[in-house]
1. Residue check: is LEU152 without any contact (Cβ under 8 Å) to a residue 24 or more places away in the chain and closer than 24 Å to ARG55 by Cα?
2. Tell me which helices (runs of 4 or more DSSP H) are completely within segment 1-91 and hold 1 or more residues being at pLDDT 95 or above and surrounded by 14 or more Cβ atoms within 10 Å (Cβ to Cβ), or say none if there are none.
3. In segment 175-191, which residues are over 20 Å from ASP123 (Cα atoms) and surrounded by fewer than 19 Cβ atoms within 10 Å (Cβ to Cβ)?
4. Just checking: which of the helices (runs of 4 or more DSSP H) contained wholly in segment 106-207 hold 3 or more residues that are modelled with pLDDT under 90?
5. Quickly run through segment 121-170 and pick out the residues that are surrounded by fewer than 13 Cβ atoms within 10 Å (Cβ to Cβ) and under 24 Å from LYS84 (Cα atoms).
Amino acid sequence: MLVTAKNAAAEETLSQSAEHLRLAADVMTGNLDEIDWPKLESRLAEPGLDLTVLRHILASGNAALTLQFTHGATAGRLVADRTKLIDLILLAAWRMHVEHRLKGAALIAVGGYGRGELLPKSDIDLLILLDDHQHARAEEPISDFLTLLWDLGLDIGHSTRNVDECKQQAHDDISVVTSLMESRLLTGPENVFDQMQRAIGPDEIWS
């Protein structure tokens, strides 16, 4: 019985390893040494993208990162690749639920994610930046966007503000200033992002 149990466990491990390798190969170059970013981006741009497809692509990307780790990739490389993978997943979700329904909104990475330092299990902190007239119609598309990300199993921290609200929050809480100073525009109008950066600058916050 013990031998049978060990054999069954070994077979399950081999099966899991084969599945893991198959997932990784789905988004990696032919020699399995790095993620094939053009191929991954092309898949995310295909028509008919939905939760099931996104979940598969994310699982493939995570499997590729694990394979890179076992092959000795540096920590810096793994962190950069994880950040890029999540960038692409978020952008695909934004196109699905927000881009065509909320013109002029910006999606911004903040904190460690804004620095491009997304470690495994760390929160993905986002700022959704609106103009002054968007709050009333922003709730539904943003809710759909965030629900999709949660359904993917991503640990999302988020806030939804306009520029004036960013300025007020930064004035009231120094940790908000730090987080916003380490921000990175993912998609949306650059001028809106620039307005936010100016609004939380030292001349504004300390005046």
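The values are calculated or read from the model by the stated rules, or taken from the named source; none is laboratory data. Quantities reported herein were computed from a predicted structural model and do not represent experimental measurements. Every residue, glycine among them, receives a Cβ derived from its backbone with ideal geometry; neighbour counts consider all protein chains shown.
1. No: the conditions fail for LEU152.
2. 37-44, 51-70
3. If the condition is that a residue be over 20 Å from ASP123 (Cα atoms) and surrounded by fewer than 19 Cβ atoms within 10 Å (Cβ to Cβ), then PRO189, GLU190, ASN191 are the ones that fit.
4. 135-151, 163-172, 174-181, 202-205
5. Residues satisfying the conditions are LYS121, SER143, TRP150, ASP151, GLY153, ASP155.
Here is a yes/no grid of residues against (1) among the hydrophobic types (A, V, I, L, M, F, W, C); (2) under 20 Å from ARG115 (Cα atoms):
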| position | (1), (2) |
| --- | --- |
| GLU140 | no, no |
| ASP144 | no, no |
| THR147 | no, no |
| SER159 | no, yes |
| GLN168 | no, no |
| ASP172 | no, no |
| LEU180 | yes, yes |
